[in-house]
Amino acid sequence: MSLTQFRVDDGLHAMDGLRLFARDGTEPVEAFIGRKVMDVWAESIEHLGGRQSLFRSQYNALGKLNLAALERIVSAKYQRGAAANRQHPFVEVLVSDITESGEVLNLSELVREPLPPAFHRLA
């Protein structure tokens, strides 16, 4: 039960997060990491103090840059089977899955555009 052919879905879709495709033999497997989960993961490394959500192009780029780490996280959860993945073979990655994995997100190529003043939070 080894997943192969991991890739980021950078096409148009209505899901608010990083969508990944893989294969278990001939069977397709879809994995998803919600935008808010990606935000928490990135923020835990950036320590900027202010929350700025990632945009689709940013989390897709992070997904491609960190594909090996994502493959390990998704594969570990997938291998736990239907008991851990109620929608098996669909795998939804949660913050707890990332924390448990110990994987570190590489943010070296993340570019954050400054927000216009109207979007800055008031303290």
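The values are calculated or read from the model by the stated rules, or taken from the named source; none is laboratory data. Remember, it's a predicted structure, so these values are computed and weren't measured experimentally. Don't worry about glycine lacking a Cβ; one is built from the backbone with ideal geometry, like all the others, and counts go over all protein chains shown. Note: accessible area is taken over every heavy atom of the protein model, side chains too, but ligands, DNA and RNA are not part of it. Shrake-Rupley method; radii C 1.70, N 1.55, O 1.52, S 1.80 Å.
Which residue pairs have Cβ atoms under 8 Å apart, sit 6 or more places apart or on different chains, and have a first residue in segment 63-74 that is open to solvent by 60 Å² or more (accessible area, probe 1.4 Å) and a second that is of a type in the set (A, V, I, L, M, F, W, C)?
K64/V8; E71/L3; E71/F6; E71/A22
Could you identify the single residue in E71, E43 that is at pLDDT below 85 and part of a helix (DSSP H, G or I)?
Matching residue, one of E71, E43: E43.
Report, by residue number, each residue of segment 1-28 that is polar (S, T, N, Q) and surrounded by 10 or more Cβ atoms within 10 Å (Cβ to Cβ). Outline the logic, then answer.
Step one: filter segment 1-28 for residues polar (S, T, N, Q), giving 2, 4-5, 26.
Passing the criteria: S2, T4, Q5.
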